[in-house]
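What follows is calculated from the coordinates using simple rules that are stated; it is not laboratory data. The model shown is predicted, which means the values in this text are computed figures rather than measured ones. For neighbour counting, all protein chains shown are included, and Cβ atoms are generated from backbone atoms with ideal geometry for every residue, glycine included.
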Amino acid sequence: MKDINIPAPSWDSDLANIILDLEKLRTKRLGGNVPSHIFFQLKDIFHILETLGSARIEGNNTTLSEYVEKIIEKNTHDESDDEIKNLENAIDFIEENTDENTLFNRAFISEIHQILTKNLTPPPSGEGSKNPGELRVHNVKIKSSGHTPPEHFILREYFEKFIDFINFAHKEQYQLLMVAVAHHRFEFIHPFDNGNGRMGRLLNYAFLIKLGFQVKNGRIINPSSVFYTDRDKYYEMLSRADSLKSDDILAWCEYFLLGLKNEIEKIDSLLNKEYVKKQILLPTLVLARNSEQITDQEFKILEYLINKDDMAMKSEELSFLGITDSKKKAVVMGKLKDKNIVVPVTEGGRIYTIRFVNNYLLRGIMKVLKENGFVSDFLNNN
């Protein structure tokens, strides 16, 4: 087989402009003022959206509403939930083991596949693998696609070419194109017996971290949303690129990178404290109070906390409610801690911040995120 190449776009094209915009986002200094103890909770929520979206693209029927209830009730025992949990664990592995010097070798990719398919039933009845982390040893077909992946006896050569391509020192103007081409080519090769779609989308996340999109230092990226916003369009564009003609590959790249640009620009608004406070957190509190998930007193305390510059408070500050007795302050704050509505900013600390991934606020924040355009209808469609 031939080496994998990146077609050269016309540098006065829409695709070129998209690449330039993404390059600005890549090198943009993240000057957001959202406190880290709030930001990383939002990041955890977007990991939920990312993993659920990727699973649903492959046919998992769990809706976001159902998954939220399972998180709240801690009732996640069926295999569809294990599939989503594996995706979360794979993202954690990628974040812990990827930086700008990472080499994406066979062992790295195999480890992700093993995490992804752990404890899942192998095909044809499940989403696991008969040989986790190992290249397939039989031929496969892709549902709803006219493309037939390479036969298993020549697969190793295709896979080694793929490894060479993703680790090659591409010139800067081609690095984002590499991510787009690599996603298509991974699906084109279909190297594993199962889980190739989930694997390909996880690799997008790893590639973007390597390219310096600052995921560890204050940016949220949800690359699967590019695809699950319109799953049929995703498969249509992938199939078009299967021709391997330059024009079709570039059309795929434009689709992929435009979606990525739009998603990053949208989510970067969550770095702005005033936006997060007014558009996300305060409306979440109102919903929780109106649905009697929290009391009026709890609402006032959390509203006070959110309106502070650092979005954190000590129990001593409960004087603003007219609570002056130190023991009563401790009791009131203790109830909030017991309900997991507030948590220490630092382990064992006496300064507390709101925690919204809990029984009382999670439903509300998901609803508010949807109203602000961060949650696709696809995640709740049956």
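Using the Kirkwood radius over C-alpha pairs as Rh, can you work out the diffusion coefficient of the range 332-376 via Stokes-Einstein at 37 °C, viscosity 0.692 mPa s, in µm² per second?
282
Label points 7 Å out from Cα along the Cβ direction at residue 231 and residue 330: separation in nm?
5.4
Using the Karplus equation 6.51 cos²θ - 1.76 cosθ + 1.60 (θ = phi - 60°), what ³J(HN,Hα) coupling, rounded to whole Hz, does each residue of the range 154-167 give in order, writing x for Gly and Pro?
Going residue by residue, I get 10, 5, 4, 5, 4, 5, 5, 5, 5, 4, 4, 5, 6, 9 Hz, with x marking Gly and Pro.
Under the Karplus relation 6.51 cos²θ - 1.76 cosθ + 1.60, θ = phi - 60°, what is the ordered set of whole-Hz ³J(HN,Hα) values for the range 331-337, x standing for Gly and Pro?
Working through the residues one at a time gives 5, 4, 5, x, 5, 5, 5 Hz.
Just the number, please: Stokes-Einstein D of the chain in µm²/s, Kirkwood Rh from C-alpha pairs, 4 °C, 1.567 mPa s.
Estimated diffusion coefficient is 58 µm²/s.
Say R0 is 25 Å: what FRET efficiency, to the nearest 0.05, do residue 163 and residue 269 get from their beta-carbon distance? Walk me through the intermediate numbers first.
Details: r = 37 Å, r/R0 = 1.46.
Result of the calculation: an efficiency of 0.10.
If you fit an axis through the alpha-carbon atoms of helix 246-267 and take the longest principal axis of the Cα set of the chain, what angle between them do you get, 0 to 90°, nearest 10?
Here the helix axis deviates by roughly 10 degrees.
Using just the Cα positions, wrap the range 146-215 in a convex hull and report its mean projected area in square nanometres, one decimal place.
5.1
Quick one: net charge of residue 119's neighbours, Cβ under 10 Å, K/R +1, D/E -1?
-1
Just to confirm the number: angle between the C-alpha axis of helix 196-210 and the first principal axis of the chain, 0 to 90 degrees, nearest 10?
Once rounded, one gets 70 degrees.
As a check on your grasp of the helix formula, calculate [θ] at 222 nm for the chain: sum -39500 (n - 2.57) over DSSP H runs of n ≥ 4, divide by the residue count, round to the nearest 500.
-17000 deg cm²/dmol
Any idea how far apart residue 359 and residue 36 come out in nm if each label point goes 7 Å out from Cα toward Cβ?
Computed distance between label sites residue 359 and residue 36 equals 3.1 nm.
Assigning unit charges at the beta carbon (Lys, Arg +1; Asp, Glu -1) and nothing else, what dipole magnitude in debye, to the nearest 20, does the range 252-307 show about its Cα centre?
Details: 7 positive and 9 negative charges, 25 e Å.
That gives a dipole near 120 debye.
Where does each of 51, 27 land when they are ranked from fewest to most other beta-carbon atoms within 10 angstrom?
Details: 51 26, 27 10.
With the fewest neighbours first, 51, 27 line up as 27, 51.
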